[in-house]
Amino acid sequence: LEKDVRVMSNIGDIRDFRLFVQLLASQTGQTLNMSTLAKKLGIAVSTVKRWISILEASYIIFLVPPYYRNFGKQLIKRPKLYFFDTGLVSYLTGIETAAMYEKGPMSGAIFETYVVSELYKKELHQNRKNHFYFLRTNHGQEVDLIIDRKTHLEWIEIKHSATFKPKMLNAKIGRAHV
């Protein structure tokens, strides 16, 4: 990863970059706040943007924007961050065994990342032009993934659970103002 990224861009302090990637890995499946990342690492927001761009171009990460009917809002609201490779996420966050994964605080985020990334990779490999989104309402209701298939939307909720419970189907967005 470090070697590939160095070829693509002149990253001065590889130690800061490594910490940056580890911090991103710990936030997979969450909304991306570039200002917070910059503050935590003591770097400029412009550097965070540049490094995000490099990681996207390297197919290390991808961003999923929020779903809004107003396209302008999609551009200004925070996207969710995902890694293409959950093995890399596990390595960067110190998850070395299945037990560490299952009992750890990141199991849900890594599972969501796996599902979203596999669906995203399938779309890329089949050269489809469908767009991925997520939805979070003002009231805290959330849909993990929306795939815009041009003719219809697919709404996908991702749960990391050993047992299906009927109440999992009860979450309704209704006519959310998006």
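The values are calculated or read from the model by the stated rules, or taken from the named source; none is laboratory data. Just so you know, these numbers come straight off a predicted model, no measurement behind them. Don't worry about glycine lacking a Cβ; one is built from the backbone with ideal geometry, like all the others, and counts go over all protein chains shown. With ligands, DNA and RNA removed, areas are computed over all heavy atoms of the protein, side chains included. Shrake-Rupley method; radii C 1.70, N 1.55, O 1.52, S 1.80 Å.
Shown in residue order for region 112-120 are the 3J(HN,Hα) couplings computed by the Karplus curve 6.51 cos²θ - 1.76 cosθ + 1.60 at θ = phi - 60°: 4, 4, 4, 5, 5, 5, 5, 5, 5 Hz (x for Gly and Pro). Near ILE61, the amide H atoms lying under 5 Å from its own belong to GLU56, PHE84; only residues 5 or more places off or on other chains count, and H is placed 1.01 Å from N.
Surface listing: TRP155, TRP51 arranged by accessible area from highest to lowest gives TRP155, TRP51, probe 1.4 Å. Only protein heavy atoms count here; on that basis, with a 1.4 Å probe, MET100 has an accessible area of about 90 Å². Non-local lysine pairs in region 101-154, meaning eight or more places apart or on different chains, with alpha-carbon distances under 25 Å, amount to 4. Projecting label points 7 angstrom from Cα along Cα→Cβ for ALA99 and ARG78 puts them 3.5 nm apart. Per residue, region 26-66 exposes 45 Å² of accessible surface when a 1.4 Å probe is rolled over the protein heavy atoms with every protein chain present. Residues SER26, SER46, ordered by accessible area of protein heavy atoms at a 1.4 angstrom probe radius and largest first, appear as SER46, SER26.
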